[in-house]
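**Q** Below is one structure. I have some questions about it.
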Amino acid sequence: MATQPNQAHKTMVFGYAVRARWATVRIETDGATYVGRMFVPDSKKRLSDVLCDERPFLNVTEVTINDSHQIEPFVAINKQYIRTVRVISEDAEPAAPKPVR
């Protein structure tokens, strides 16, 4: 049985279809501020579920550090050092990749 590549995987939560999504977040640690995109899988209902799961690191893509103009393609942030997380936006589809300067 073949999987159709154009069809997004959906799950049902309280009668509504929910898709995996991306969240643009601002993460503050003692040493730096990171702004980037986090993937929230369809197995998690909320961003807070990703923050509270058993994994010690958050995977963040398309990251700027301390408001610099350089975009890092990937940063893993140790959850022990996070002070605050603020959601800037949430999208159902990932944004187009940005060039690294």
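**Q** Out of all the residues in the stretch 7-29, which are crowded, with 17+ Cβ neighbours inside 10 Å and at pLDDT 90 or above?
**A** Those that are crowded, with 17+ Cβ neighbours inside 10 Å and at pLDDT 90 or above: W22, A23, T24, V25, I27.
**Q** For the stretch 30-54, give me each residue that is modelled with pLDDT of 95 or more, in a loop (DSSP other than H, G, I, E, B) and either buried (at least 16 other Cβ atoms within 10 Å of the Cβ) or among the basic types (K, R) (or both).
**A** Matches in the stretch 30-54: none.
**Q** F74 passes all but one of (1) surrounded by 11 or more Cβ atoms within 10 Å (Cβ to Cβ); (2) in contact with an Asp or Glu (Cβ under 9 Å, 6 or more places away or on another chain); which number fails?
**A** It is condition (1) that F74 fails.
Okay, residues lined up against (1) closer than 22 Å to A20 by Cβ; (2) at pLDDT below 95; (3) not in a strand (DSSP E or B):
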site	(1), (2), (3)
V60	yes, no, no
V63	yes, no, no
Q70	no, no, yes
A76	yes, no, no
V85	yes, no, no
P94	yes, yes, yes
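The values are calculated or read from the model by the stated rules, or taken from the named source; none is laboratory data. Owing to the predicted nature of the structure, the values given are computational and were not obtained by experimental measurement. When we count neighbours, we look across all protein chains shown, and the Cβ atoms used for this are built from the backbone with ideal geometry, even at glycine.
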